[in-house]
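In what follows, a structure is listed as structure tokens, so that the remarks can point back to it.
The values are calculated or read from the model by the stated rules, or taken from the named source; none is laboratory data. This structure is a prediction, so every number in the text was calculated from the model and none was measured. A quick note on method: Cβ atoms are made from the backbone with ideal geometry, for glycine too, and the neighbour counts reach across all protein chains shown.
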Amino acid sequence: MTDTTPHPEQIPDTVRFDSFGLSPDILRALSDQGYVYPTPIQEQAIPVILQGRDVMGAAQTGTGKTAGFALPIIQLLMAHANTSASPARHPVRALILTPTRELADQVAENVKAYSRHTPLRATVVFGGIDMGPQKDALRSGIEIVIATPGRLLDHVQQKTINLSQTQILVMDEADRMLDMGFLPDLQRIINLLPKQRQNLMFSATFSQEIKKLAASFLTNPVTIEVARSNATAENVTQILYKVAEEEKRDAVSFIIRERGLKQVIVFSNTKIGASRLALHLVKQGVKASAIHGDKSQTERMGALEAFKRGEVEVLVATDVAARGLDISEMPCVINFDLPYNAEDYVHRIGRTGRAGAKGDAISLHTDKDERLLIDIEKLIKQKIVRLQLAGFVASSALHTERKPRRAETEKPADKAYERPARSYNPPKEKIDPWFSKPYQPSATANVASAVTVSNSSAAGKPQKRAALLGGIVK
Ligand code: AMP
């Protein structure tokens with residue numbers, strides 16, 4: 001087996017994980033993960049949490065915040081690590097609360113990966129699935145529990161979990177928890193915990209409500225901020241394309257094909273919109289899948305895993321489903337709809353341009369989105385570049401420009417955009433008058449020559465389409 005982790009000697013003089021005094025078992029797990037340098041939030045949070053301080057962290061998913069709190073928690077709990085089979089020797093010592101099942105699952109995966117060489121046990125509990133296996137896991141004794149609030153309270157009620165020895169509480173994505181109405185659940189959970197404990201709160205945004213919540217349960221917290229809240233990464237190129245409402249789906253598939261995108265999240269404001277768009281893309285030969293709240297947990301996990309493996313190239317998601325998804329190195333995100341909530345725009349485009357990489361955030365907008373755009377630009381304090389979607393012609397427009405032959409209308413829609421991936425051909429100046437002519441039988445010279453182009457080779461049809469696509473000024 002080859003070890004791809006750089007040797008310490010090869011690493012420039014910068015903070016490394018081994019400078020935090022973490023246990024060799026944790027360092028080994030980090031090396032398994034291929035992590036070399038801590039991210040800025042990790043660099044700041046790890047030493048502070050190791051000192052036992054409360055933390056208020058302003059960080060979004062994608063900054064490495066999970067390891068930022070998970071690593072010091074594992075380190076602090078190492079003092080209690082034991083291999084006893086007795087459940088009593090493995091009480092819940094750390095509780096990590098997250099707003100969504102997906103985030104809970106991802107945090108749990110990370111915690112398990114980082115603690116895999118230690119005897120500490122971690123498990124995840126969230127709703128929507130059978131409680132049985134969760135009960136079994138909890139009864140066997142678990143030091144680190146990652147949970148969504150509702151299901152955790154179900155377990156409390158059924159007495160399958162005892163939180164009286166919890167030393168550390170983490171509230172991940174606290175803003176989203178408040179948005180989702182979890183405040184009463186959070187208060188109930190906090191009342192079940194020992195008064196003396198360490199509290200860590202992470203939030204992407206800091207509203208008055210969040211500050212109030214922080215003031216009510218954090219003690220003298222250290223505030224850690226890795227990026228100004230509501231700031232968008234400078235390395236993300238933001239682009240706006242104006243399209244007609246009914247052309248949006250075609251525009252998305254056009255962008256995906258034109259750019260040869262192989263890993264992209266497309267955001268839809270509605271579940272139905274996400275499903276329809278995914279279906280549309282699949283029909284056009286794009287490997288797409290939808291992920292939203294109406295999908296079963298198994299379907300959501302399946303889609304996410306397939307996306308991570310590259311079997312699904314386009315994940316169409318709603319905000320709630322996408323929040324907290326651990327998907328790194330996204331070269332591009334597309335807003336099929338502009339979000340109703342301007343802050344969601346910041347979260348969405350934060351999916352790309354991580355860790356200094358370059359990324360594109362492409363948004364479609366229509367006439368009726370003007371208000372939303374103003375809100376977004378006010379929040380991010382910048383104007384987004386408005387560009388023309390060069391070469392794009394919606395299939396509906398194709399049909400109105402020229403009455404197609406019957407055979408053409410029956411062709412799969414995807415063929416309409418079959419062009420080489422890199423072809424960013426600007427539109428030609430004028431529309432070829434041929435296209436506006438009424439349909440004539442192929443005997444006429446004009447049509448005959450056009451058809452010759454389209455049928456002159458095996459790849460003839462795409463060529464004709466290229467002429468079509470390039471010939472119309474949007
Ligand atoms: P998070 O913000 O915690 O969701 O992390 C985002 C992604 O960064 C996850 O895929 C992590 O596995 C990865 N990650 C976290 N810390 C590091 C690190 N120090 N080096 C490289 N990747 C990391």
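Condition check ((1) more than 30 Å from VAL346 (Cβ to Cβ); (2) surrounded by fewer than 18 Cβ atoms within 10 Å (Cβ to Cβ); (3) away from the ligand (no atom under 16 Å from the Cβ); (4) not small (Gly, Ala, Ser)) across all residues:
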site	(1), (2), (3), (4)
ASP54	no, no, yes, yes
ALA79	yes, yes, yes, no
ALA85	yes, yes, yes, no
LEU103	no, no, no, yes
ALA113	no, yes, no, no
PHE126	no, no, yes, yes
ILE146	no, no, no, yes
VAL156	yes, yes, yes, yes
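Test ALA70 against the stated conditions and say whether it is part of a helix (DSSP H, G or I), in contact with a strand residue (DSSP E or B) (Cβ under 6 Å, 6 or more places away or on another chain) and either within 15 Å of the ligand (Cβ to nearest atom) or under 26 Å from PHE182 (Cα atoms) (or both).
Numbers: part of a helix (DSSP H, G or I): yes; in contact with a strand residue (DSSP E or B) (Cβ under 6 Å, 6 or more places away or on another chain): no; either within 15 Å of the ligand (Cβ to nearest atom) or under 26 Å from PHE182 (Cα atoms) (or both): yes.
It is false that ALA70 is part of a helix (DSSP H, G or I), in contact with a strand residue (DSSP E or B) (Cβ under 6 Å, 6 or more places away or on another chain) and either within 15 Å of the ligand (Cβ to nearest atom) or under 26 Å from PHE182 (Cα atoms) (or both).
Could you pull out the residue among VAL92, VAL124 that is closer than 26 Å to ASP294 by Cα and among the β-branched types (Val, Ile, Thr)?
Numbers: VAL92 fails: closer than 26 Å to ASP294 by Cα.
Just one listed residue meets the conditions, VAL124.
Which pairs do you get when a residue that is touching a residue at least 24 places away in the same chain (Cβ under 8 Å), found in region 211-225, comes within reach of a residue that is among the polar types (S, T, N, Q) and in a helix (DSSP H, G or I), reach meaning Cβ atoms under 7 angstrom, with the pair 6+ apart or on two chains?
Within 7 Å, the pairs are ILE224/GLN44.
Could you check how many residues of region 25-49 are without any contact (Cβ under 8 Å) to a residue 40 or more places away in the chain and either near the ligand (Cβ under 8 Å from one of its atoms) or out of contact with any Phe, Trp or Tyr (no Cβ under 7 Å at 6 or more places or on another chain) (or both)?
Initial filter on region 25-49 (without any contact (Cβ under 8 Å) to a residue 40 or more places away in the chain): 27, 31, 34-38, 42-43, 46-47.
If we keep only those that are either near the ligand (Cβ under 8 Å from one of its atoms) or out of contact with any Phe, Trp or Tyr (no Cβ under 7 Å at 6 or more places or on another chain) (or both) too, we end up with 31, 34-38, 42-43.
So the count comes out to 8.
Here is a check on your reading of the model: is VAL264 in contact (Cβ under 8 Å) with a residue 60 or more places away in the chain and under 13 Å from the mean Cα position of the chain (by Cα)?
yes
Which numbered condition trips up ARG259, out of (1) buried (at least 16 other Cβ atoms within 10 Å of the Cβ); (2) under 16 Å from the mean Cα position of the chain (by Cα); (3) at pLDDT below 95?
The one condition ARG259 does not meet is (2).
Can you go through ARG188, ARG176 and tell me which one is basic (Lys, Arg), assigned by TED's automatic domain parsing to the domain that holds GLY128, touching a residue at least 40 places away in the same chain (Cβ under 8 Å) and in contact with a helix residue (DSSP H, G or I) (Cβ under 9 Å, 6 or more places away or on another chain)? First the steps, then the outcome.
On the way: ARG188 fails: touching a residue at least 40 places away in the same chain (Cβ under 8 Å).
When all the criteria are applied, what remains is ARG176.
Taking interchain pairs and intrachain pairs at least six residues apart, which have beta carbon atoms under 7 angstrom, with the first residue in region 295-324 and under 15 Å from THR100 (Cβ atoms) and the second basic (Lys, Arg)?
Going by the 7 Å Cβ cut-off, the qualifying pairs are GLN297/ARG101; THR318/LYS271; ALA321/ARG300; ARG323/ARG176.
Go through region 255-355 and tell me which strands (runs of 3 or more DSSP E), entirely inside it, have 1 or more residues that are in contact with a Gly (Cβ under 7 Å, 6 or more places away or on another chain). Spell out how you get there, then give the answer.
Values: elements: 264-267, 288-291, 314-317, 332-335.
Output list reads 332-335.
Could you please give the count of residues in region 109-156 that are without any contact (Cβ under 8 Å) to a residue 24 or more places away in the chain and part of a loop (DSSP other than H, G, I, E, B)?
1
Can you pull out every residue in region 9-51 that is modelled with pLDDT under 95, over 23 Å from LEU200 (Cα atoms) and not in a loop (DSSP other than H, G, I, E, B)?
If the condition is that a residue be modelled with pLDDT under 95, over 23 Å from LEU200 (Cα atoms) and not in a loop (DSSP other than H, G, I, E, B), then GLU9, GLN10, SER31, ASP32, GLN33 are the ones that fit.
Restricting attention to region 363-403, and to residues there that are modelled with pLDDT of 90 or more, part of a helix (DSSP H, G or I) and in contact with a helix residue (DSSP H, G or I) (Cβ under 6 Å, 6 or more places away or on another chain), which single residue is surrounded by the fewest Cβ atoms within 10 Å (Cβ to Cβ)?
ASP375
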